[in-house]
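Written below as structure tokens is the structure these notes are about.
The values are calculated or read from the model by the stated rules, or taken from the named source; none is laboratory data. This one's a predicted model, so the numbers in the text were calculated from it and none came from an experiment. Here Cβ is always computed from backbone atoms with ideal geometry, including for glycine, and neighbour counts include all displayed protein chains.
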Amino acid sequence: MILKPRLSFWEIFNMAVGFMGIQFGFALQNANASSILLTFGADLHQLPWFWLVAPLTGMVVQPIIGYMSDKTWNRFGRRRPYFLVGAVLTATALVLMPNSPQFAGYFAPMLIGGGMLMIMDASINISMEPFRALVADKLPDEQHSLGFSMQTLLIGVGAVVGSWLPYILSNFFGVSSVAESEGLIAQNVVWSFYIGAAVLLSSILYTVVKTKEYPPEFYAEEPVSEKNQSPKSKSFIPKSMWQLLVVQFFSWFALFSMWVYTTPTVAQHFFNATDPNSLPYKEAGNWVGILFGVYNGVSAIIALLLPRLAAKIGRRATHSLALTLGGLSFLSFLVIKDPDFLLIPMVGIGIAWGSILAMPYAMLANSIPANRMGVFMGLFNMSITIPQIVNGIFGGLILKYVFHNDPLNSIIMAGVLMILGAVSTLFVSDRLDLKKEVTLG
């Protein structure tokens, strides 16, 4: 068995820079896709169906890319070839999506927009999965929390700028936030997508140049180990992975509701707007971009604090606390009346988001074999995609028949589910937490 050397802060930083660009593009999509699709003619109840594109493509693409990258080795490395391919495809989709009306002579803009959303999600997943595996590839067990938290830090930075960029271009650079005609996308959003494409490409190239990968023989003698299970209970899927699936289901079902329904909730309840083409609705969309930037900014700030807290109280307790704060923050939408005060729950949601991006992966990485890290990380992605698919299928029906077309109720449901995720976290068998308990005992 070859021991992995500890890496310096800046070596870990260089590994994660590419993820900043990925999240820059992902944040533009999250903050603007609902508004873009509504502009192209989608109905509010149809939005979850469009948002199904992301988890469906992720569920298919990530395990395949994980398996392929485990078996790949060429002059560019093991994971880095997939970074490059995904970056080029994602940048192309970012440029084309806001220009979908230009292809209206061939297809309906909504179909083009949905198609670009699918291509963008598939491309993002091609790059995203190897980035997760790269951390586990390069770092020893005791640095996994730091590695995934560093990704969270730079994810937060990219997401803040990506979420805020349309607002910044409009309010500080005079780029119009009003479309030239109905059915077109405002120039501040169009230019934000162009800038996002450039940032994504350049940041991934930085990681490719600055990060070297271990050669295949480094993993040749790596044993298949499931140290958190007894010999009699070993199976292909580690016990902790099954337990984390429950936590992830509650967490990502809630997040999907937030991404789909925050814009219509804020527009309807705080800007008194229901027409996606109206100026108040556009203003609500811009404000949601600011709110999403805040929660991503908070996740970046607390990212490097999470490993310290986990070292003191354990990763399970840390994640449970973060999810509880997130759930209570969603529930606070019931009592807040001023849109400016929505900044407050974004703090708690940001803490939960920061932990969701780091702690489950850190708990998982210690229990899966290094020579199959890519495929296991890809399979674990199903814990993200399946709850989003379930929400996408049933979320619109729940909104219509249970919540009486009030999207605020979907946000409240998200709060309840995130708290259930917090409770479920306490039952996860995390090897490092268990080791600490034995040591203290």
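Checked against the criterion of being β-branched (Val, Ile, Thr) and under 15 Å from residue 145 (Cβ atoms), the candidates 349, 313 yield just one match: 313. Taken over the range 346-365, the criterion of being under 23 Å from residue 130 (Cβ atoms), among the small types (Gly, Ala, Ser) and part of a helix (DSSP H, G or I) is satisfied by 354, 355, 362, 365. The residue that is farthest from the chain's Cα centre (by Cα), among those in the range 298-315 that are basic (Lys, Arg) and surrounded by fewer than 22 Cβ atoms within 10 Å (Cβ to Cβ), is 312.
Somewhere in the range 286-300, is a residue over 20 Å from residue 155 (Cα atoms) and in a helix (DSSP H, G or I)? Yes, the range 286-300 contains at least one residue that is over 20 Å from residue 155 (Cα atoms) and in a helix (DSSP H, G or I).
The range 1-101 holds helices (runs of 4 or more DSSP H) entirely within its bounds, and those carrying 3 or more residues that are out of contact with any Pro (no Cβ under 8 Å at 6 or more places or on another chain) and closer than 20 Å to residue 296 by Cα map to 9-39. If you filter the range 136-155 down to residues that are farther than 18 Å from residue 3 by Cβ and of a type in the set (S, T, N, Q), you find that the one that is modelled with the lowest pLDDT is 145.
Looking at the range 166-178, can you tell me whether even one residue there is within 22 Å of residue 51 (Cβ to Cβ), buried (at least 20 other Cβ atoms within 10 Å of the Cβ) and modelled with pLDDT of 85 or more? So far as the range 166-178 goes, yes, one or more of its residues are within 22 Å of residue 51 (Cβ to Cβ), buried (at least 20 other Cβ atoms within 10 Å of the Cβ) and modelled with pLDDT of 85 or more.
For the structure I just gave you, tell me whether residue 185 is within 15 Å of residue 288 (Cβ to Cβ) and among the β-branched types (Val, Ile, Thr).
Values: within 15 Å of residue 288 (Cβ to Cβ): no; among the β-branched types (Val, Ile, Thr): yes.
Judged against the criteria, residue 185 is not a match.
The one condition from (1) buried (at least 22 other Cβ atoms within 10 Å of the Cβ); (2) over 26 Å from residue 382 (Cα atoms); (3) touching a Leu at 6+ places or on another chain (Cβ under 8 Å) that residue 269 does not meet is (1).
Tell me, which residue of the range 366-379 that is over 21 Å from residue 20 (Cα atoms) and assigned to a helix (DSSP H, G or I) is nearest to the chain's Cα centre (by Cα)? Lay out the reasoning, then the answer.
Filtering the range 366-379 down to residues over 21 Å from residue 20 (Cα atoms) leaves 366-373, 375-376, 379.
Among the residues that remain, those that are also assigned to a helix (DSSP H, G or I) are: 370-373, 375-376, 379.
Numbers: 370: 23, 371: 25, 372: 23, 373: 19, 375: 19, 376: 18, 379: 16 Å.
Looking at residues that are over 21 Å from residue 20 (Cα atoms) and assigned to a helix (DSSP H, G or I), I get 379.
Under 7 Å between Cβ atoms, which residue pairs at least 6 apart in sequence (or on different chains) link something in the range 406-421 that is within 16 Å of residue 356 (Cα to Cα) with a partner that is among the polar types (S, T, N, Q) and surrounded by fewer than 24 Cβ atoms within 10 Å (Cβ to Cβ)? Pairs that qualify, where the first residue is within 16 Å of residue 356 (Cα to Cα) and the partner is among the polar types (S, T, N, Q) and surrounded by fewer than 24 Cβ atoms within 10 Å (Cβ to Cβ), are 419/324. Filtering the range 312-325 to residues that are in contact (Cβ under 8 Å) with a residue 24 or more places away in the chain and either among the small types (Gly, Ala, Ser) or more than 22 Å from residue 13 (Cα to Cα) (or both) leaves 314, 316, 317, 318, 319, 320, 321, 322, 323, 324, 325.
Return the total of residues in the range 120-141 being in contact (Cβ under 8 Å) with a residue 60 or more places away in the chain and under 16 Å from the mean Cα position of the chain (by Cα).
Filtering the range 120-141 for residues in contact (Cβ under 8 Å) with a residue 60 or more places away in the chain gives 120-122, 124-141.
This time we only want the ones that are under 16 Å from the mean Cα position of the chain (by Cα), so: 120-122, 124-133.
Total satisfying the criteria: 13.
Within the range 326-337, residues that are closer than 14 Å to residue 258 by Cα reach partners that are small (Gly, Ala, Ser) and surrounded by 15 or more Cβ atoms within 10 Å (Cβ to Cβ) with beta carbons closer than 6 Å, at six or more positions or on different chains, in the pairs 326/348; 326/352; 327/415; 329/348; 330/414; 330/415; 331/415.
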